[in-house]
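Student: If you scroll down you'll find the structure; I have some questions about it.
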Protein chains: 2
Amino acid sequence: MTEVLSNIIEMIKPLDEGAMAQARARQDMLTKPQGALGRLEELSIQLAGIQGKPIPQINHKAIITMAGDHGVVAEKVGNWPQEVTTQMVYNFLGGGAGINVIARQAGIRIIVVDMGVASEIETNPQLLSRKVAPGTQNMCLGPAMTDEQAMRAVETGIEIVRDEVAKGLDIVGTGDMGIGNTSASSAICAVITGRPVAEVTGRGTGITDEQLAHKVEVITKVLTVNHPDPAQPLDVLAKVGGFEIGGLVGVMLAAAAHRIPVVVDGFISGAAALIATALAPGLKDFIISAHVSAEAGHKSLLNYLGLTPLLDLGMRLGEGTGAALAIFLAETSARILAEMATFAEAEVSEKEE
Amino acid sequence: MTEVLSNIIEMIKPLDEGAMAQARARQDMLTKPQGALGRLEELSIQLAGIQGKPIPQINHKAIITMAGDHGVVAEKVGNWPQEVTTQMVYNFLGGGAGINVIARQAGIRIIVVDMGVASEIETNPQLLSRKVAPGTQNMCLGPAMTDEQAMRAVETGIEIVRDEVAKGLDIVGTGDMGIGNTSASSAICAVITGRPVAEVTGRGTGITDEQLAHKVEVITKVLTVNHPDPAQPLDVLAKVGGFEIGGLVGVMLAAAAHRIPVVVDGFISGAAALIATALAPGLKDFIISAHVSAEAGHKSLLNYLGLTPLLDLGMRLGEGTGAALAIFLAETSARILAEMATFAEAEVSEKEE
């Protein structure tokens, strides 16, 4: 482990219990029955604990959408051509993808990162070019990447968050793009949760039963060939991960280190969370689970992490689309705490005991 | 049934299948795997069918929050004093309630209506004073209201929507305020769904086991005393309903008649939906179920109506708070359909067969 990584892990401290107690006390003074806003109340209290402020502030909102390609596509695990990763990066930059629309609606900035797309992408002021390599190796034949590349990917995520914090960042969501990345995520999920490959492998962007059986076979072979060690999260990342997944590991660790709530999107972001929380268990308190994806395996993953997602809308697009919706809920929860009148302020009678 | 009511029911027509087919076809051309945005896709198609536009528009958004008092509070079914209804109306007008904050966050106008609050409320340009009577009668002793009052309440909701449509209205959410109104809603729910009183009676704003047992007893007595006829929805409203519930019945019917999507909040709005859909079964296609409330009975109610709620956040505040969050999702779904790039526009390759 490098010094950058061990330092960032060291920086992750517990939630601020004092701020949480004050937030909870204020929630109970607001003009509603106690607890009547359910998870929005809990969310506001978590935000208070993360930010260390009795009334958390959500002004600067960003989604970091990381893209990378996967050598395992040579095994025909899906049915979209690899060039779609690159094409979708251009779509993000052009503002036409799902994440662009939802982020506009919720007032969220998108940071698009080339973590390791297979082809060259033209320079664009909107794009962070941080290509670790032009796609991972085929993990069916050996490790997806070297240990150095895995570390580079994680450190890249850390650096990006550090730069964004300098500009102002109150909440960050994670997003991904990468043809083949459900295979990497299923492999990570199987290794770290210990669940059977078949349970944590799904249809990704839409495959038949036969193709699904083949995908399970491929992932099983990937694990046999590589023997990733669940006790060594970076070994798992290097052997069966992806560059965008490694980048998101860094994003999550750095967000927690800088006391910024991190809204984790779906299955691929969840795989990154498995690695990140294995490296730094304290990170878990800083995570807001956006939604449960329709991708098989995501439920097992969330159960393993002990996270309860905010939304269940049958989504399975990635890109950070679920995270963007959840950031809206988080911002709403903070505003409720800040702006609702107390019983005293509004001269409303309280419950009779 | 009056002419106003029968006319409005007559105006409710089926969804526009042509617009829905076009919306569905467009969803399948957008740069994502087909169906990957789950319920947001379905929602956009429903909006298309309601508005009769292949690309629905959500610009003018409103929540109609109706307040009324309930004579049944004399039976001590809850533990908040009746004056809270009035105090909360002032809180709505002052902008300090939960619904105010969430509506501000989602860019939604709130229309506050006094449908039958027990005390006089000072004139306020923000308030629609449509008091049918100063609170209902104690339904433990006889009907909550006269048949004329029930009809007046429903017609008031119809008139309010008609006026809002004239100003511009693309989507409307329902909200309620009324100490005692979970008792009326449970009674309505028991009569129309045929489920046992104990199953559809919950803790409202927070009561003990003992108080809950008493509430079930009271509602059981209410049904014995009044014998509401499930085949006559207006009879149910008059005998065991409330003025705000009647108003919301009118809001729902008129919204559907004017082809405006109606986002139904929680348990009290759901009780109004039971009556409204019993009057006009075709209304159901115009309803978006915002969330499942933590209030016991809401799940049974939604099952009976065959509605799947968008959100499950453990909320039980009413006021339209769940509806406001769901309106954000509806608006997002419409923007996705309008603003996402197609495969051709973004030059993204499609799935290989």
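Student: Relative contact order (percent) for segment B:261-310, with alpha-carbon contacts under 8 angstrom and 6 or more residues of separation?
Tutor: Dividing the mean separation by the residue count of segment B:261-310 yields 43 percent.
Student: Distances in nm, one decimal, shortest first, from B:R104 to the same residue in every other copy, taking the label point 7 angstrom along Cα→Cβ.
Tutor: 2.6
Student: A further question on this structure: If you take the alpha carbon radius of gyration of segment B:98-148 and divide it by 2.2 N^0.38 Å, what ratio comes out, to two decimals? Present the calculation step by step, with values, prior to reporting the outcome.
Tutor: Details: Rg = 14.8 Å, N = 51, 2.2 N^0.38 = 9.8 Å.
With N residues counted in segment B:98-148, Rg over 2.2 N^0.38 Å equals 1.51.
Student: On to the next question. Picking from A:G98, A:G247, A:G322, which is most flexible by a Gaussian network model of chain A using Cα springs under 10 Å?
Tutor: The residue with the greatest mean-square fluctuation here is A:G98.
Student: Report the residue, chosen from B:D28, B:D176, B:D285, that carries the largest GNM mean-square fluctuation when chain B is represented by alpha-carbon nodes joined by springs under 10 Å.
Tutor: Answer for the Gaussian network model of chain B: B:D28.
Student: Shifting gears a bit: With contacts defined as alpha carbon pairs under 8 Å and 6 or more residues apart, what's the relative contact order of chain B in percent?
Tutor: 25 percent
Student: Still on this structure, I have one more. How big is segment A:121-227 in terms of Cα radius of gyration and Dmax, in angstroms?
Tutor: Rg and Dmax of segment A:121-227, Cα atoms, are 16.6, 49 Å.
Student: Any idea what % of Cα-Cα pairs in chain A are farther than 36 Å?
Tutor: 19 percent
Student: Before I look further, what does chain B give for accessible area per residue, probe 1.4 Å, in whole square angstrom?
Tutor: 34 Å²
Student: Sticking with this one: If we hang a label 7 Å off Cα along the beta carbon direction at B:P196, how far is it from the matching labels on the other copies, in nm, shortest first?
Tutor: Nearest first, the other copies' label points are 3.9 nm away.
Student: Let me ask something else. For segment A:59-137, what size does the Cα cloud have along each of its three principal axes, sorted from largest down, in whole Å?
Tutor: The Cα atoms of segment A:59-137 stretch 43, 24, 19 Å along the principal axes, largest first.
Student: Hey, another quick one. Roughly how compact is segment B:236-317, stated as its Cα Rg over 2.2 N^0.38 Å to two decimals?
Tutor: Relative to the rule-of-thumb radius for its length, segment B:236-317 sits at 1.01.
Student: Could you work out the relative contact order of segment A:191-241, using alpha carbon pairs under 8 angstrom and six or more residues apart, expressed as a whole percent?
Tutor: Relative contact order for segment A:191-241 comes out at 37 percent.
Student: Translational diffusion coefficient of segment A:1-93 at 37 °C, 0.692 mPa s, Stokes-Einstein with Kirkwood Rh over Cα pairs, in µm²/s as a whole number.
Tutor: Reported coefficient: 187 µm²/s.
Student: Kindly flag which residue pairs out of B:K53/B:K284; A:K61/A:K284; B:K61/B:K239; B:K61/B:K284 have an alpha-carbon separation exceeding 27 Å in this structure.
Tutor: Those over the limit are B:K61/B:K239.
Student: Tell me the trypsin sites (Lys or Arg not before Pro) within segment A:32-116 that lie in a loop according to DSSP and have at most 16 other beta-carbon atoms within 10 Å.
Tutor: A:K76
Student: Here is a follow-up. Provide, for q = 0.09 Å⁻¹, the log10 of I(q)/I(0) from a solvent-free Debye sum over equal Cα point scatterers in the protein assembly as shown.
Tutor: Log10 I(q)/I(0), no solvent term: -0.78.
The values are calculated or read from the model by the stated rules, or taken from the named source; none is laboratory data. Predicted model, so just to flag it, every value in this text is computed and none were measured. Backbone-built Cβ (ideal geometry, glycine too); neighbour counts: all protein chains shown. Heavy atoms of the whole protein, side chains included, go into the accessibility calculation; ligands, DNA and RNA do not. Shrake-Rupley method; radii C 1.70, N 1.55, O 1.52, S 1.80 Å.
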